[in-house]
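A.B. asks: Okay, handing you the structure first.
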Amino acid sequence: TELVVAKTKAWRYGDPSDASNEMGTVIDEAAARLFESRVNDAIAQGARLLVGNLRDGALYSPTVIDRVTPAMTVVREETFGPVSPIISFKTIDDAIRIANGTPYGLSSSVCTNRLDHITRFVNELQVGSVNVCEVPGYRLELTPFGGIKDSGLGYKEGVQEAMKSFTNLKTYSLPWS
């Protein structure tokens, strides 16, 4: 948690036309208000604000909260903004249960160097992608990308997958005799 907070505090955000900023505004003010509202709701339910939750129009600061529970809207709904909600767990079984206990399954990220844990996450997480020591949205253009459950568009994206949408597949058979 301390490293996430330190990295978040170091992140430069502000005017999107200023090249020294690493992050600008979110898509619009309504989205920024939604992120702020979800974080405030989580805080009211017992989450702790560690950094951020500042809004100025469509500019919303990188935010970290901990003491988050799976029932909180900030994690129960897809919050596509600069919010890092931290849910604590004791065992790998707990982590997998929490991650799978949502209707969403787009992508995930796990940070561990234990191959036994990586293998379990890859095999047991109900998501379209498992990224090890990378951001959840990491992908190579040649790899399929898409979610399962209520996430994604219902099909895989990526160059090879896109080519399939422009291709007609034909099956034929020849007589054996």
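The values are calculated or read from the model by the stated rules, or taken from the named source; none is laboratory data. Everything numeric here is computed off the predicted structure, so don't read it as measured data. For neighbour counting, all protein chains shown are included, and Cβ atoms are generated from backbone atoms with ideal geometry for every residue, glycine included.
A.B. asks: Say whether the condition of being loosely packed, with under 15 Cβ neighbours inside 10 Å, of a type in the set (S, T, N, Q) and modelled with pLDDT under 90 is met by at least one residue in segment 93-102. If you could, list the steps in order and put the result at the bottom.
C.D. replies: Restricting attention to segment 93-102, the residues satisfying the condition of being loosely packed, with under 15 Cβ neighbours inside 10 Å are 93-94, 97, 100-101.
Still in the running and of a type in the set (S, T, N, Q): 100.
When the remaining residues are screened for being modelled with pLDDT under 90, the result is none.
No, every residue in segment 93-102 fails to be loosely packed, with under 15 Cβ neighbours inside 10 Å, of a type in the set (S, T, N, Q) and modelled with pLDDT under 90.
A.B. asks: From Val132, Val68, which residue is in contact with a Pro (Cβ under 9 Å, 6 or more places away or on another chain) and crowded, with 16+ Cβ neighbours inside 10 Å? Write out each step before concluding.
C.D. replies: Numbers: Val132 fails: in contact with a Pro (Cβ under 9 Å, 6 or more places away or on another chain).
So the residue among Val132, Val68 that is in contact with a Pro (Cβ under 9 Å, 6 or more places away or on another chain) and crowded, with 16+ Cβ neighbours inside 10 Å is Val68.
A.B. asks: Considering every residue within segment 6-22, establish whether at least one is surrounded by 15 or more Cβ atoms within 10 Å (Cβ to Cβ), farther than 19 Å from Val135 by Cβ and among the β-branched types (Val, Ile, Thr).
C.D. replies: Checked against the condition, which is being surrounded by 15 or more Cβ atoms within 10 Å (Cβ to Cβ), farther than 19 Å from Val135 by Cβ and among the β-branched types (Val, Ile, Thr), segment 6-22 yields no hits at all.
A.B. asks: Quick one: is Ser61 in contact with a Leu (Cβ under 6 Å, 6 or more places away or on another chain) and in the same structural domain as Thr25 (by TED's automatic domain parsing)? Please lay out each step first, then the result.
C.D. replies: Details: in contact with a Leu (Cβ under 6 Å, 6 or more places away or on another chain): yes; in the same structural domain as Thr25 (by TED's automatic domain parsing): yes.
The answer is yes for Ser61.
A.B. asks: Still on this model: Looking only at segment 37-59, count how many residues are under 17 Å from Gly14 (Cβ atoms) and surrounded by 14 or more Cβ atoms within 10 Å (Cβ to Cβ). Step through it out loud before you land on a result.
C.D. replies: As a first pass, look at segment 37-59 and keep what is under 17 Å from Gly14 (Cβ atoms): 51-59.
Applying the additional criterion that residues be surrounded by 14 or more Cβ atoms within 10 Å (Cβ to Cβ) yields 51-53, 55, 58-59.
Of the residues in that region, 6 qualify.
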